[in-house]
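Q: There's a structure below that I have some questions on.
The values are calculated or read from the model by the stated rules, or taken from the named source; none is laboratory data. Small disclaimer: the values here were computed from a predicted structure and weren't measured. As a convention, Cβ positions derive from the backbone with ideal geometry for all residues, glycine included, and neighbour counts pool all protein chains shown. Remember, those area values only see protein heavy atoms, side chains included, never the ligands or the DNA or RNA. Shrake-Rupley method; radii C 1.70, N 1.55, O 1.52, S 1.80 Å.
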Amino acid sequence: MSRTLSEGTELHSANAFAAALARHGAAYGVDVSSAALHVESTVPVSHLAPAVALLAEAITRPAFNQADVGRHVTIRLGEINQERANAGYRAREAFASQLAGEGFSLVE
């Protein structure tokens, strides 16, 4: 879900949304943890109000286009496969499984 927030809103296509952010010198980032979704924005103070409005639009009125969501799901599944191909990741997952019990996974 967090990855698709930059894919447009109900009011702006992905390109129009990116152009609006660029017009205001704004950028935003999303970080996901097991407890929360964190959204941050970097913007010149002189453009704070319109940039916050765009950020609020992205959060409250995301487009969640089925094709975009599907593309991001496919990308994430590929990333999970890459992570699991890493010996260090598998060792951490095995260790966590021993602590948390069978069926535990580091993948969120």
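Q: For residues in region 8-51 being surrounded by 15 or more Cβ atoms within 10 Å (Cβ to Cβ) and of a type in the set (Ser, Thr, Tyr), which is farthest from His72 (Cα to Cα)?
A: Checking each candidate, the answer is Ser41.
Q: Looking only at residues that are hydroxyl-bearing (Ser, Thr, Tyr) and in contact with a Phe, Trp or Tyr (Cβ under 9 Å, 6 or more places away or on another chain) in region 1-28, which one is modelled with the lowest pLDDT?
A: Result: Ser6.
Q: Only one of (1) modelled with pLDDT of 95 or more; (2) open to solvent by 80 Å² or more (accessible area, probe 1.4 Å); (3) over 24 Å from Met1 (Cβ atoms) fails for Gln98. Which number is that?
A: Against the list (1) modelled with pLDDT of 95 or more; (2) open to solvent by 80 Å² or more (accessible area, probe 1.4 Å); (3) over 24 Å from Met1 (Cβ atoms), Gln98 comes up short only on (1).
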